[in-house]
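Asker: My questions will all concern the structure given below.
The values are calculated or read from the model by the stated rules, or taken from the named source; none is laboratory data. None of these values were measured; they are calculated from a predicted model. Note that we place each Cβ from the backbone using ideal geometry, even for glycine, and neighbour counts take in every protein chain shown. These area figures cover heavy atoms from the full protein model, side chains too; ligands, DNA and RNA do not enter into them. Shrake-Rupley method; radii C 1.70, N 1.55, O 1.52, S 1.80 Å.
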Amino acid sequence: MSRQYSVKAKPYNFTFDLDKTALIIIDMQRDFLYPGGFGEKLGNDVSTTNAIIPTVKKVLDKAREKALFVVHTREGHRPDLSDVPPSKQRRGGNIGEQGPMGRILVRGEYGHDIVDELQPIEGEVVLDKPGKGAFYQTDFEIILKNKNIETLLVAGVTTHVCVQTTIREANDRGYECLMLEDCCAAFDTKDHDDSIRMINQQGGIFGWTTRSASLFETLN
Ligand code: TIU
């Protein structure tokens, strides 16, 4: 049976083969979704990022039902902070500090982990990344290659930082990306809306965007 689907999207319908598609969920970590974490320490209100958890969960459930390959990323660093670029530390100076959810953005801490609702299950990949993009200093590309993945459905936070960076990196490497608009969030909704336009403009310069309802219509 064919696993080829077409979903309503901007700038035009997105066609993909489920067997060559991965769902990538970017940085749905407590540090970005709950008060007291990295996101809030940078001066942001985390209510917008927190609000997408149920929608991302619905898409994750659908992906699991359809046996899609799922990758969860986590932004964070070694406990000795040896992989934090000094420039990142200077401009987000609280990495490694003790917060209410443990040391900020440090691997192994409670705040660094993915929220309970979206915890990975057996067979799903967890990708720890030190930067914004999922390809930078990780084994993401070799994993996608080994799994025969050509297209990425992209969810997570924040739209204008780690989501956009990852989509741009993927685009340069030849992957087709469909960003799931209501499964992504920025702290400021203007940054979110601007990012959507940047991705799908100029005939899909970086990829396609759609809402989860369109994906559910397609994958019913
Ligand atoms: N600051 C901000 O909007 N985001 C990040 O620092 N990382 C991610 O987007 N995950």
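Asker: Please list, ordered by first then second residue, the pairs with beta carbon atoms under 8 Å, 6 or more apart or interchain, first in region 1-26 and over 20 Å from N146 (Cα atoms) and among the charged types (D, E, K, R), second open to solvent by 60 Å² or more (accessible area, probe 1.4 Å) and modelled with pLDDT of 95 or more.
Answerer: Close Cβ pairs satisfying both conditions: K8/E217.
Asker: Related question: Return the residues of region 1-44 that are part of a strand (DSSP E or B) and within 10 Å of the ligand (Cβ to nearest atom); say none if nothing qualifies.
Answerer: I26, Q29
Asker: Condition first: open to solvent by 60 Å² or more (accessible area, probe 1.4 Å), part of a helix (DSSP H, G or I) and in contact with a Lys or Arg (Cβ under 9 Å, 6 or more places away or on another chain). Now tell me which residues in region 77-115 satisfy that.
Answerer: Correct list: Y110 only.
Asker: Among the listed residues K132, K145, which satisfies the condition of being modelled with pLDDT of 95 or more, part of a loop (DSSP other than H, G, I, E, B) and not polar (S, T, N, Q)?
Answerer: K132
Asker: Going by the conditions given, is S6 surrounded by fewer than 18 Cβ atoms within 10 Å (Cβ to Cβ) and closer than 30 Å to L215 by Cβ?
Answerer: Spelling it out, S6 is indeed surrounded by fewer than 18 Cβ atoms within 10 Å (Cβ to Cβ) and closer than 30 Å to L215 by Cβ.
Asker: Against the definition (touching a Cys at 6+ places or on another chain (Cβ under 6 Å) and open to solvent by 20 Å² or more (accessible area, probe 1.4 Å)), how does K147 come out, yes or no?
Answerer: no
Asker: Would you call C177 in a strand (DSSP E or B), surrounded by 20 or more Cβ atoms within 10 Å (Cβ to Cβ) and at pLDDT 95 or above?
Answerer: Considered against the rule, which asks whether it is in a strand (DSSP E or B), surrounded by 20 or more Cβ atoms within 10 Å (Cβ to Cβ) and at pLDDT 95 or above, C177 comes out as yes.
Asker: Let me spell it out: the conditions are (1) at pLDDT 95 or above; (2) more than 27 Å from L23 (Cβ to Cβ), and K41 meets all of them except one. Which number is the exception?
Answerer: Looking at each condition in turn, K41 falls short on (1).
Asker: Can you find even one residue in region 207-214 that is more than 16 Å from the ligand (Cβ to nearest atom), among the hydrophobic types (A, V, I, L, M, F, W, C) and more than 20 Å from N44 (Cα to Cα)?
Answerer: Within region 207-214, one or more residues are more than 16 Å from the ligand (Cβ to nearest atom), among the hydrophobic types (A, V, I, L, M, F, W, C) and more than 20 Å from N44 (Cα to Cα).
Yes/no per residue for (1) in contact with a helix residue (DSSP H, G or I) (Cβ under 9 Å, 6 or more places away or on another chain); (2) within 14 Å of the ligand (Cβ to nearest atom); (3) touching a residue at least 24 places away in the same chain (Cβ under 8 Å); (4) farther than 26 Å from E65 by Cβ:
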{"site": "F140", "(1), (2), (3), (4)": "yes, no, yes, no"}
{"site": "K145", "(1), (2), (3), (4)": "no, no, no, no"}
{"site": "I149", "(1), (2), (3), (4)": "yes, no, yes, no"}
{"site": "D172", "(1), (2), (3), (4)": "no, no, no, yes"}
{"site": "A186", "(1), (2), (3), (4)": "yes, yes, yes, yes"}
{"site": "T218", "(1), (2), (3), (4)": "no, no, yes, no"}
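Asker: Please pick out the residue among V126, V59 that is out of contact with any Lys or Arg (no Cβ under 6 Å at 6 or more places or on another chain), within 16 Å of the ligand (Cβ to nearest atom) and either assigned to a loop (DSSP other than H, G, I, E, B) or of a type outside the set (D, E, K, R) (or both).
Answerer: It is V126.
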